[in-house]
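What follows draws every value from the coordinates through simple rules; no lab data is involved. Because the structure is predicted, anything quoted here is derived from the model rather than measured. Neighbour counts are summed over all protein chains in view; Cβ atoms, including those assigned to glycine, are modelled from backbone coordinates with ideal geometry.
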Amino acid sequence: MKKTTKKIMSALSIVLMMCLLLNTAPMKASAAILGDINGDNTINISDAIALGRYLSGQYTLSDYSISDLNVNYVIDVVDQQILLAFLVGIIDSLPYSN
Ligand SMILES: [Ca+2]
Ligand SMILES: [Ca+2]
């Protein structure tokens, strides 16, 4: 993993922990529920955790289309980074395209 990616992930992790400590309200999922990995109709840190568990082989996705957040037909760590960036407000909407 590149140093820049590691720095971004570290920054996102810190911001996420701060959000959790401040007990911010979860974001409601859109109609398409893109990013609602665990299917509970909200997009929050639990979805990022579920996606991380999927990437490490410990979770089964119920719907692959809602997990592919950059619509490149691959579900990988980039999708998790996009979800984290969405949760902390760096990205305004999903799917993400750059
Ligand atoms: Ca969810
Ligand atoms: Ca993807």
Expressed in nanometres to one decimal, the distance between label points 7 Å along Cα→Cβ at VAL74 and ILE90 is 1.9 nm
With label points set 7 Å from each Cα along the Cα-to-Cβ direction at ASN98 and ASP40, the distance between them in nm comes to 2.9 nm
Once Lys and Arg are counted +1 and Asp and Glu -1 for all other residues with Cβ under 14 Å from that of TYR96, the total becomes -4
The local net charge around SER46, scoring Lys/Arg +1 and Asp/Glu -1 for residues other than SER46 whose Cβ lies under 13 Å from its Cβ, equals -2
For THR60, THR42, ascending order of other Cβ atoms within 10 Å (fewest first) is THR60, THR42
Neighbour-count ranking for ASP76, ASP47 (other C-beta within 10 angstrom, fewest to most) reads ASP76, ASP47
Neighbours of ASN70 by Cβ distance under 11 Å: Lys/Arg at +1, Asp/Glu at -1, summed charge -3
